[in-house]
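Data first, discussion second: the structure below is written as structure tokens.
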Amino acid sequence: TKLILLDSLLQEIMLTKPLRCGLGRGLSLSRQTGDKPFRKFNFETSRLGHTLPASYVKVNKWNRAVSEAEKLVGYPTSLMSLRALMSDDLTNMAVHFRKLIGTDHPVLKTVKRLLYHGKNNMQVRGLLVLLLSRAAGSNGNSDIDTNTGVINDQRKLAEILEMIYTSQCIHQSVVNVPVNTAAEPDEQVRTVLQQLEYGNKIAILSGDYLLANACTGLAALRVPKIVELIAQAIVEFTQAEFLGKQDPQGKLLPTPDTILQENWEEKWKLSTGGLLGAGCECAMMVSKQPEELLKAAKELGVHTALAIQAYDEMKLFSVDGSIGSGAPFPLCSAPVMFHLQSDEELLDYLQQFSEDLLQVDYRMVLTRVCEGNGLEKTHELCRQHVDKGLEYLRKFPENDGRQAYENLLLAMV
Amino acid sequence: MQNFGRFCQKLRCVCTPPTSPVRCVKAVGRARSTHCCVSFRPPLVRERYVARNLSTADHRTVKSDDGSRDTDPFSLVGPQLKSLINDIHSELDGHLVRDSELGEMSKYYFDGKGKALRPVIALCVAHAYNIHTDRLDELTLKNQRKIALISEMIHTASLVHDDILDHAETRRGKESVNLRFNTKKSTMAGDYILGVGSKILAGIQEPDVVEILSQVLADLVEGEFMQLQNKDDEGERFEHYLNKSFNKTASLMAYSCKANVVLSGGSKEDVENSFQYGRNIGIAFQLVDDLLDFVSSADQLGKPAAADLQLGLATAPVLFAARKFPELDDLIARRFSQEGDVEKAFRLVTESNGLEETKELARKHCLKAVSALDDLTESEYKTGLVQLADTVLNRLK
């Protein structure tokens, strides 16, 4: 009954906030077969509001690579941790999340993204760690699963990594509400604020729950060095939140001194690169690989995470992204930043909105970015990191695990 | 005069010549891999150990022939506490990649104004058991200090998140961190403090200790979830409340005591005893906290009074009062959400003997805590721990 409750809840979440995707146009799904760069967004033909189930797998190089990889090393485990959270008797999270349906709290969107768009939306960290474990080989460790070539501790590490990433995403969906909501005179505004507060509560608690479970899992591995590396990753990503200028709602605003590639790289290196790098390095530690492989694994993880981030941001601006018709999108994403390097006028325009970024005319910004060379440069950035990643990947022994990882990297360019 | 227990059978030993009135700890007869003569360590070494770790201000009271001395646990570990705060500051700063608001936010609650109860308990237990197991080396002590540091950091990280969850406006007499800065950043700051704490924990290089303290995090979150829930059955309510108190407060104290005793090489019974001490002290502390929420004024507490009722939480005084006034059951079930509920509950609690019964339960737990220390070797620190139970019971804030 628990799973039925969970699934019905998730159905509700899906239906109340319809997916905004371009599939409603009826264009062929095989449009996106890798070779052509992404087409410019076409406003006239975009349409909202079709609730297609996410299991509608598009024929796409990335998805194919992910499916192949899953067959090799087992299913990704990100769903497990969130499902575990939702169906836990004690936490009763399903009930709490249900109360949030109908509010505008971002945590609902995050949970939906994490639960349903697993394949399409870069929930591959655990998978990458597993592939790398298989590629590096067991090095004499006997606790290995012969089908997948992955040591059990490495699999646990992959799960823990996903849990921490999920917790990070959920904590980032907290919104800034004023502390004293009861003092708000307007009844309607007060209700909305209280709902947002409740959403915050659920977000913080879920994130903490996942983090705590991850920590107990890490401790059970009984290797303090691994705990140290992962703790370092946590320390890094909490700091990434504080870089750059933000408006009162916490949305990032690009400023003249933060639109360089180094700034973008620094932020994402701290935010996700550190985590994936540490995860890969720790997986190698479990199988007691030599020092050079540890270092290679770490660098590979960092570059992969950066490539994934660039690819993600590029996809957002593509024809399948959900930002048609003026919906807000992150202004510090790579395409925008690259465009702003050559478009000072737009940069000045954006500075006006440092108090409330919701007032920006996103449609206009989107048009200008798509007309400029932002997207091409992001593609170039992605390629740079994929190339660097491949360099480090080549240090691992040649086998199907390594090949699957290579395929994933190459699917992004 | 310190009473070390029975006379050791072997007055002669090939290693060290026995000194005058030799007394040994109960070590004789206990399975020990070390030679019996270790127990002949002259009392002078122990005095030196104690003196090294006592506050310099109290040096004059450390006299072996003088019976009376100040065993206030807070002054026993006074200078160590001060250096603890400095260490926390330098660790938090040291891990910053870039100067940002995070530096200010993470140190905001580490201003030395907190009660620092948890580090005091951890340190006193550490010293007491070091004397008990005779492990008086620097490395053990260094690691135990790290545990005290970590326990304070975990506590503060949970405070930061709790203030967001309870939409608190003041704490320790100043603005809460989520009011001063904002919610999103406070969430991240809490995670940052936790991350740095975990890193220090990993630095101790002891897998047992890492496992013990990671359990604390799970308990803390479980406690918060328990608080969100309402148990409908009245019979279950009290047990639910005690479990929640353990998870939220006592768990950290109990597990940091346990970790310190593991580090000082205590036996299984020692470890269990210290866990029981920490657990009972923690529950007593929480009971008194709930009591003070009713009794104290806001200025004394540093945070608003009757906050628990405002948040809809039914704490021990209310639960006791509900036995006398069954109409409170409805109010508890709807979490004091209706107009006038908070005032009514407050009035009924003061009319019943909920407050006295709470204090009595706290006293029982303090006695249990002290009796858990029965097997512990006598020392200033043991007396300090006993006195701590008294402080917890009778504090005003």
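Computed from phi, the 3J(HN,Hα) profile of the stretch A:341-355 under the Karplus parametrisation 6.51, -1.76, 1.60 (θ = phi - 60°) reads 4, 10, 10, 5, 4, 5, 4, 5, 4, 5, 4, 4, 9, 5, 8 Hz, with x in place of Gly and Pro.
Is the C-alpha gyration tensor of the stretch B:145-244 telling us rounded, prolate or oblate? Criteria: a/c under 1.5 is rounded; beyond that, a/b larger than b/c is prolate, otherwise oblate. It comes out oblate by the Cα gyration axes. Among the GluC sites (Glu not before Pro) found in the stretch A:317-411, those both in a DSSP coil and sparsely packed, with 16 or fewer other Cβ atoms within 10 Å of their Cβ, are A:GLU355, A:GLU398.
The residues neighbouring B:ILE147, those whose beta-carbon lies less than 11 Å from its own, together hold a net charge of +3 under the Lys/Arg +1, Asp/Glu -1 convention.
Shown here for the stretch B:333-397: GluC sites (Glu not before Pro) in loop regions (DSSP other than H, G, I, E, B) with at most 10 other Cβ atoms within 10 Å, namely B:GLU339. Counting, for every residue in B:168-179, the Cβ atoms of other protein chains within 10 Å of its Cβ and taking the mean gives 1. The residue list B:ILE164, B:LEU136, B:VAL210 was ranked by how far each Cα lies along the charge dipole of the stretch B:136-211 toward its positive end, using unit charges on Cβ atoms, and B:ILE164 comes out on top. The H on the amide N of B:ARG171, modeled in the peptide plane, is under 5 Å from the matching H of B:SER176, each at least 5 residues off or on a different chain. The 3J(HN,Hα) values that the Karplus relation (6.51, -1.76, 1.60; θ = phi - 60°) gives for the stretch B:140-146 are, in residue order, 4, 5, 4, 5, 5, 5, 4 Hz. Gly and Pro appear as x. Ranked by the mean number of other Cβ atoms within 10 Å per residue, highest first, peptides B:159-165, B:386-392, B:251-257 order as B:251-257, B:159-165, B:386-392. Once you order the gyration tensor axes a ≥ b ≥ c over the Cα atoms, which shape class does the stretch A:356-413 get: rounded for a/c under 1.5, otherwise prolate or oblate by comparing a/b with b/c? Prolate. Which shape class, rounded, prolate or oblate, goes with the stretch A:197-312 when its Cα gyration tensor gives a ≥ b ≥ c as root eigenvalues, a/c under 1.5 marks rounded, and past that a/b bigger than b/c marks prolate? Oblate is the answer for the stretch A:197-312, as a/c is 1.5 or above yet b/c matches or exceeds a/b. Entry note, the stretch A:297-413: relative contact order of 41 percent, from Cα contacts under 8 Å with a spacing of 6+ residues.
Per residue of B:212-218, other chain Cβ atoms within 10 Å of the residue Cβ number 5 on average. Pairs with C-alpha atoms separated by more than 31 Å, drawn from the list A:LYS267/B:LYS115; A:LYS245/A:LYS377; B:LYS199/B:LYS258; A:LYS112/A:LYS225; A:LYS156/B:LYS115; A:LYS156/B:LYS382, are A:LYS267/B:LYS115; A:LYS112/A:LYS225; A:LYS156/B:LYS115; A:LYS156/B:LYS382. Taken residue by residue and averaged, Cβ atoms of other chains lying within 10 Å of the Cβ of A:199-211 number 5. The relative contact order of the stretch A:224-301, computed from alpha carbon pairs under 8 Å that lie at least 6 residues apart in sequence, is 32 percent. For A:ILE151, the residues 5 or more places off, or on other chains, whose built amide H falls under 5 Å of its own are A:ASP145.
Across the stretch A:215-227, rounded Karplus estimates of 3J(HN,Hα) from the backbone phi angles (6.51 cos²θ - 1.76 cosθ + 1.60, θ = phi - 60°) give 5, 5, x, 4, 4, 5, 6, 6, 10, x, 5, 5, 4 Hz, Gly and Pro being marked x.
Just so you know, all these numbers are worked out from the coordinates, no wet-lab data involved. For clarity, every value in this text was computed on a predicted model and none was experimentally measured. Using ideal geometry, Cβ is built from the backbone for each residue, glycine included, and neighbour counts are taken over all protein chains shown.
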